[in-house]
1. Please give the solvent-accessible surface of R87 in Å², to the nearest 10, using a probe radius of 1.4 Å with every protein chain present.
2. Sketch the reach of a paramagnetic label on T46 as a point 7 Å from Cα along Cα-to-Cβ, and name the residues of region 58-102 whose backbone nitrogen lies under 17 Å away.
3. Using modelled amide H (1.01 Å from N, peptide plane; none on Pro or chain starts), what sits under 5 Å from the amide H of V151, excluding residues fewer than 5 places away?
4. Please list, or write none, the aspartates and glutamates whose alpha carbon is within less than 12 Å of the alpha carbon of K94, excluding same-chain residues fewer than 8 places away.
5. Mind giving me the nanometre distance, one decimal, between the label points for K101 and A34, set 7 Å out from Cα along Cα→Cβ?
6. Please state the Cα pair-distance histogram of region 204-274 with 5 angstrom bins from zero: what percent is in each bin?
7. If you place +1 on the Cβ of every Lys and Arg, -1 on the Cβ of every Asp and Glu, and leave all else neutral, what size is the dipole of the chain about its Cα centre, to the nearest 20 Debye?
8. Using a Förster distance of 25 Å, how high is the FRET efficiency between M284 and N90, based on the Cβ-Cβ distance and rounded to 0.05?
Amino acid sequence: MDPDWLVFHPNPSKPTFKLPNGAVDAHCHVFGPAAEFPFAPERKYTPCDASKKQLFELRDFLGFSRNVIVQATCHGKDNRAMVDACRASNGMAKGIATVGKDITEAEIADMNDAGVKGVRFNFVKRLVDSTPKEDFLAIAEKIKPFGWHIVVYMEAPELEENIPFLKQLPVTVVFDHMARPDVTLGVDHPQFKLFVDLMKDEKFWSKVTCPERLSVTGPDTYDDVVPFAKTIVDLYPDRVLWGTDWPHPNLKSHMPDDGKLVDFIPRIATTPELQKKLLVDNPMRLYWG
Ligand code: 0GY
């Protein structure tokens, strides 16, 4: 693992917030174990191992019922670790894959059978080499017949130039981490307003995730992220998802206590009704529907 790699919290606290029955951790990853599932040669970081067993133990400890496992960039387009975790979950985990434009229908069908429900298009330069838009569009056409959706990882400064492309995508598009706003600018800044306006289009969904990644004020309250996530939950309660982002790749300032991350939820989804949509109804519709 990289010398400055921060390993996930060894003993997170029990959340004070009681998750609704059937809650879904809709953004998390597995890393390796490298001895079984080697990391991709083209990766931009080398993490610690974070196995499916450890992920499922955390799920149970925090009070979640299900996971959506997003292919991590350290595994490139080799989806075996993620698919293995989905297959081992007894139907309690679905997956998001990373694929190239040459993916075949049979390969998609095989992943579909394992519980994969979409692909991730990653625009974050520190994580991946860039992919031509034509390739993304070709992939989108191939996954569409399977009812899959697209997860987009993008940072706020890149949003505006990519809006025509995002609107062109023929399936539902889910943004990771609210397209990573700069929270020091405030919710009324044009940067976040652009995202809020884009979300009016019912094709778009947002994960209101990663306060630990977006916050400048830091743990354990992540106060500066609250207005951003709360705005999106209040405006678009039927198109939001939440996840832990365990095992928290590439954090450098601190490693969050996953129990305290769960305690962040009622600050952004402030009623039982909103919490049930965010944690149960929405992910069940998108991933298990
Ligand atoms: C996240 C964020 C990050 C990494 C990845 O696949 C990944 O490597 O998603 C990041 O470094 O910002 O959502 O886990």
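1. Accessible surface of R87 is approximately 120 Å².
2. Under cut-off, by backbone N: 73-76.
3. So V151 has HN proximity to V119, R120, F121, V174.
4. Result set, ordered by chain and number: D25, D84, D113.
5. Here the modelled spin labels are 3.3 nm apart.
6. Cα pair-distance distribution for region 204-274, in percent: 3, 17, 30, 25, 16, 7, 2.
7. I would put it at about 520 debye.
8. So, using R0 = 25 Å, E works out to roughly 0.95.
The values are calculated or read from the model by the stated rules, or taken from the named source; none is laboratory data. The structure presented is a predicted model; accordingly, all values stated were derived computationally and were not measured. No Cβ is skipped: glycine too gets one built from the backbone with ideal geometry, and neighbour counts run over all protein chains shown. These accessible areas exclude ligands, DNA and RNA; they are computed on the full protein's heavy atoms, side chains included. Shrake-Rupley method; radii C 1.70, N 1.55, O 1.52, S 1.80 Å.
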